[in-house]
Amino acid sequence: QVQLVESGGGLVQAGGSLRLSCAASGSINNFNAMGWYRQAPGKLRELVARITGDSTYYADSVKGRFTISRDNAKNLVYLQMNNLKPEDTAVYYCNAILFFENYWGQGTQVTVSS
């Protein structure tokens, strides 16, 4: 079974930074893609960033502020979040795609105060 565990969330002031980590069971080299989603209360879950091979995708709302990266040796995927805004407040979920299956972590809360 694929397991994803997020960490690094917390409460930060607007303009601050956080780095989220996603620890995956097995080798992340086997996943077709990994990414980060977020969901705020009353809103749909949205894709924030995704890495596929050496290619990356970012939502327009976070482009230039967030960076997704991975450490294959440690089976970790990171989301570096800089210049955080209150609008970034949400539960952030790690996502992995393996062939045609989607896997999700339990989420980590990110709260940005104004």
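For the stretch 7-45, a residue qualifies if it is aliphatic (A, V, I, L, M) and closer than 14 Å to Asn82 by Cα, and the qualifying residues are Leu11, Val12, Ala14, Leu18, Leu20.
Are any residues in the stretch 90-107 in a strand (DSSP E or B), open to solvent by 80 Å² or more (accessible area, probe 1.4 Å) and more than 14 Å from Ala23 (Cβ to Cβ), and if so, which ones? Across the stretch 90-107, the qualifying residues are Glu101, Asn102. Looking only at the stretch 61-80, residues that are touching a strand residue (DSSP E or B) at 6+ places or on another chain (Cβ under 6 Å) and either under 13 Å from Cys22 (Cβ atoms) or of a type in the set (Ser, Thr, Tyr) (or both) come to 10 in all. From the set of residues in the stretch 28-60 that are of a type in the set (Asp, Glu) and over 14 Å from the mean Cα position of the chain (by Cα), which is nearest to Gly16 (Cα to Cα)? Restricting to residues being of a type in the set (Asp, Glu) and over 14 Å from the mean Cα position of the chain (by Cα), the top hit is Asp60. Restricting attention to the stretch 60-74, the residues that are open to solvent by 40 Å² or more (accessible area, probe 1.4 Å) and part of a loop (DSSP other than H, G, I, E, B) add up to 7. Please count how many residues of the stretch 15-45 are in contact with a Lys or Arg (Cβ under 6 Å, 6 or more places away or on another chain) and under 14 Å from Ala90 (Cα atoms). Result for the stretch 15-45: 2. Taken over the stretch 17-30, residues that are in a strand (DSSP E or B) and open to solvent by 60 Å² or more (accessible area, probe 1.4 Å) amount to 1. When only residues in the stretch 31-59 that are of a type in the set (Lys, Arg) and part of a strand (DSSP E or B) count, which is surrounded by the fewest Cβ atoms within 10 Å (Cβ to Cβ)? Here the answer is Arg50. Selection of first residues in the stretch 80-101 that are under 24 Å from Ala14 (Cβ atoms) and of second residues that are open to solvent by 40 Å² or more (accessible area, probe 1.4 Å) and β-branched (Val, Ile, Thr), restricted to Cβ pairs under 6 Å at least 6 apart or on distinct chains, gives the following pairs, ordered by first then second residue: Gln80/Thr67; Thr89/Thr111.
The values are calculated or read from the model by the stated rules, or taken from the named source; none is laboratory data. If you're wondering where the values come from, they're calculated on a predicted model, not measured in any experiment. No Cβ is skipped: glycine too gets one built from the backbone with ideal geometry, and neighbour counts run over all protein chains shown. Accessible surface areas use protein heavy atoms only, side chains included; no ligands, DNA or RNA. Shrake-Rupley method; radii C 1.70, N 1.55, O 1.52, S 1.80 Å.
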